[in-house]
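Encoded as structure tokens, the structure appears first; notes follow it.
The values are calculated or read from the model by the stated rules, or taken from the named source; none is laboratory data. The structure presented is a predicted model; accordingly, all values stated were derived computationally and were not measured. Note: ideal-geometry Cβ built from the backbone for every residue, glycine included; neighbour counts use all protein chains shown. Heads up: the accessible areas ignore ligands, DNA and RNA and are worked out on the full protein's heavy atoms, side chains in. Shrake-Rupley method; radii C 1.70, N 1.55, O 1.52, S 1.80 Å.
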Amino acid sequence: DERRRGGPTVHRAFSQRAQRELGYGKKEADHYGISIGILVGDQLQGWATSLLSELHTTSGIDPTVVLFLINAMDMDVQSTLIEGEVLDVQYSRLPVESINEDLILDMLWKKTGALYEFAGKAGAMIGLNNCSSDHPYVQALAQFASKCGIAFQLQDDILGIVGDEKKLGKPVGSDIREGKRTTILYFSLKQASESQRESLLKTVGNESAREEEIARAIDLLRELGGIEYTRDLARAYVREAVDFLSALPPSSYKELLFQFAEYMIQREF
């Protein structure tokens, strides 16, 4: 998208700067913007590794824990996230008949759940100063965060279709134009009549779809129950997530985790 959080995305901002400050033509400027966006991601990855490295020198965390987390992040988590993003792009070009709910949920976990799971696991290991994956607190927080990650992504899919664009800070309806394969679309197509299905498939993935066509597609996704189904699915993942917190002792931090889980499905941006 060209906007996120109410402002231009990195690739868009630097494309505009290239045209304004460097005299680039649009095609050249767009390439420049995308290149800067990729390089910014590279820089952020370097910062993440550096932050983990500093755990030993600033907080006295066992170097074994630090090395374990860096390796897990750079080898396991990063490759899983990339796979999820690639699948998201590939699925949008595959026939809808070849995609099912299990594939969609697996892709969502790889895009987001894997990162959340690592965050939960890393937090527990740092807190315990131990990199044992078998510790009940590590397992509980990893699974809690993993389920929250999928719920977050399901809510993101809902907001991408029926969210308030001013609150969301990014275009609503772009997922339809891009042909994103979501549980919303999958469930709706299963319920659709032949004419409703034809109408949806004519708009989903059509980058030049008019605003009224997008609005009609959104109405159909609502009428056919896809949005409510996905909302219920997100709630179910949050219920699964909080069950894992029973392994943790009572504390104010545990209460914050309950609030965090609820936020996954209550957020409006």
Viscosity 1.002 mPa s, temperature 20 °C: Stokes-Einstein D of segment 167-269 from its Kirkwood Cα radius, in µm² per second?
-> 137
Residue separation between Gln90 and Glu165 times 0.36 nm, minus their alpha-carbon distance, gives in nm 24.4 nm
In the structure shown, of Lys26/Lys190; Lys110/Lys167; Lys110/Lys254; Lys147/Lys202, the pairs separated by more than 31 angstrom at the C-alpha atoms are Lys26/Lys190; Lys147/Lys202
Can you give the extra length, in nm with one decimal, that the chain gains between Ser208 and Thr49 once fully stretched, where that is 0.36 nm per residue apart less the Cα-Cα distance?
-> 53.1 nm
Distant-in-sequence amide H partners of Glu2 (H built 1.01 Å from N, under 5 Å) | none
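Please report, as a whole percent, how much of the solvent-accessible surface of the chain comes from carbon and sulfur atoms (probe radius 1.4 Å).
Accessible surface attributable to carbon and sulfur in the chain totals 55 percent.
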Karplus-derived 3J(HN,Hα), 6.51/-1.76/1.60, for each residue of segment 224-234, Hz, glycine and proline x | 7, x, x, 5, 5, 4, 5, 5, 5, 5, 4
If you take the Cα atoms of segment 54-108, find Rg, then find the Kirkwood Rh from the mean of 1/r over all pairs, what is Rg/Rh?
-> 1.29
Compare Leu39, Leu87, Leu108 in a GNM of the chain, Cα atoms joined below 10 Å, and give the one with the largest fluctuation.
-> Leu39
Separation between the Val40 and Asp134 pseudo-spin-labels, each 7 Å from Cα along Cα→Cβ, expressed in nm?
-> 4.5
How do Asp232, Asp42 rank by accessible surface area computed with a 1.4 Å probe, from largest to smallest?
-> Asp42, Asp232
Averaged per residue, the 1.4 Å probe accessible area of segment 61-266, protein heavy atoms only, in Å², is roughly 49
Give the Cα extents of segment 56-152 along the principal axes, in whole Å, largest first.
-> 52, 23, 19
Using 7 Å Cα-to-Cβ label points, what is the Asp219/Asp106 separation (nm, one decimal)?
-> 3.7
For the chain, give the magnitude of the charge dipole about the Cα centre (Cβ charges: +1 Lys/Arg, -1 Asp/Glu; no others), in debye to the nearest 20.
-> 600
Near the amide H of Ile61, under 5 Å away, which other amide H atoms are found, from residues 5 or more places off or on another chain, if H is placed in the peptide plane?
-> His56
Top to bottom by accessible area (1.4 Å), largest first, where do Ser146, Ser132 land?
-> Ser132, Ser146
